[in-house]
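Before anything else, here's the structure in question.
Rule-based calculations on the coordinates, nothing more; no lab input. Given the structure is predicted, the values throughout are model-derived calculations rather than measurements. A quick note on method: Cβ atoms are made from the backbone with ideal geometry, for glycine too, and the neighbour counts reach across all protein chains shown.
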Amino acid sequence: MRITLRQMEIFLEVAKIGHLTQVAKDLGLSQSAVSMSLKELESTLGCKLFDRIQKKLVLNEKGRAFKHAIEPLVKKLRDIEEEFMSQENKGELSIGASTTIADYIMPHIVCEYMEKYPEVKIKMKIGNTSEITKMVEEGDIDIGYIEGEIESLNTVFSPIGVDELVIVTGDKSLVKKKEYFIDNLLDYKWVLREEGSGTRSVFFNKIKNYITGLNLFLELRHTEAIKSVLKEAEGTISCISKIAVNKELENKELYEIKVKGFDFTREFYQIHHKDKYKSDLFKKFSIFARYRFSEILKR
C-alpha cells in the first residue's frame, strides 16, 4: 500500500484545522513536511483533495469522500495500537453520559471501577442525548450512555435498564386530587428539559396527541434547575426521571402527580460507534457498567 498512516493522519488534521502552519505546530513538524505529505498523498490518489479559499484549505468533493472513507480506519488503527501498548485493566477510556445518567448513576460506576482498577483512567463528558450520540458518531468518546434511542446509522444501541418518568410538582394543592387525565394538566406551567434531551423526547412522544395544548412555561438544561423552579413557583409541573427526584419525594419537597392511563417508562441505552474497536478495557467496563446500572435502578 503506497498511502501511509502518517499521510492519512496529517490529511485529517489539515481537514479539521485548514491551516498548514497550525497543523505543523500541533504535530511537531515543519510546514514544508506537512505540505510535502499532502502533495505526495494527492499524487498517489491522482486528484486534488483541497480547495484554497480565503487563505484556508477546504475539502473539495474528492477530499470529503476520502475523509469519510479513511476516518474509521485511522481510528480503528489508533485503538488497536493503544490496546496492544497497554495491558488489560490499564489505560484510558473516554465515556459520555446524558444529563440524568451523569448526575445520578454514572459517577458511582466510574468511581467504583477506578477504585477497583487503579491503573485505569476514565474521562467523562456530559451532554444531552443528541449531543452524546453525536460524540459517539464523531469518535470523540468510546462509549455513550443515553436516556432514549434516537436515529443514528453509525451507532449501535444496547438497552441497559428501564427508567420510570414521573410527573412532579412542588405545589401541594395539586396533589389533593388523587389522579388526573393528562389533558387536565396541559394548562399548568410546564418546566421541561431543553430540546435534544432524552427525557423531553420520551415525554413528548408519550403525549403526542395532546402536545399542541401543552403550556411550555420554561425550558432548562439541568434537572436540578428544574427541581428548584418547581419548589419555588406555584402551579409549575414537570416530567422527570424518578431516580432524580426520589430524595425530594421522600422528604415531601416535591409531590408526584398520578396520571391515569399513562406509562412513562423508558429505556436507558449504552451506545458505541459501529466501527469501534472493542478492546479488553472497553469490554470489561461495558459489562461492569451494565451490571451496576441494573443494581442502581433497583434501589
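Between Lys39 and Leu216, what length in nm is gained on full extension when 0.36 nm per residue of separation is reduced by their alpha carbon distance?
Here the answer is 58.2 nm.
Roughly speaking, what is the stretch gain from Arg290 to Arg52, that is 0.36 nm per residue apart minus the C-alpha to C-alpha distance, in nm to one decimal?
So the extension gain works out to 80.9 nm.
Continuing with the same structure: Please give the FRET efficiency for Lys252 paired with Asp140, using the beta carbon to beta carbon distance and R0 = 35 Å, rounded to the nearest 0.05.
The formula returns an efficiency of 0.25 here.
Which three numbers, in whole Å and largest first, are the semi-axes of the equivalent ellipsoid of segment 1-152 derived from its Cα gyration tensor as √(5λ)?
Value: 35, 19, 14 Å, ordered largest first.
Could you name the lysines in cross-link range of Lys56, using Cα to Cα under 20 Å and dropping any fewer than eight places away on the same chain?
Output for Lys56: Lys16, Lys25, Lys39, Lys48, Lys67.
What FRET efficiency, computed as 1/(1 + (r/R0)^6) with R0 = 35 Å and r the Cβ-Cβ distance, is obtained for Met114 and Ser30, rounded to the nearest 0.05?
Calculated transfer efficiency: 0.30.
Using only the Cα atoms, what convex hull volume per residue in Å³ does segment 5-85 have?
About 91 Å³ per residue, rounded to a whole number.
With unit charges on the beta carbon (Lys/Arg positive, Asp/Glu negative), name the residue among Phe66, Gly261, Asn205 whose Cα is farthest towards the positive pole of the charge dipole of the chain.
Of the options given, the answer is Phe66.
Which value results when the Cα radius of gyration for the chain is divided by 2.2 N^0.38 Å?
Ratio of Cα Rg to 2.2 N^0.38 Å: 1.26.
Restricting things to alpha carbons, find the Rg to Rh ratio for segment 165-299 using the Kirkwood radius for Rh.
Rounded to two decimals, Rg/Rh equals 1.05.
Additional query: At what distance in angstrom do the alpha carbon centres of segment 229-299 and segment 211-225 lie from each other?
When both Cα centres are located, 18 Å separates them.
Do you know the Lys pair count in segment 103-193 for C-alpha distances under 21 Å, with sequence separation 8 or more or different chains?
6
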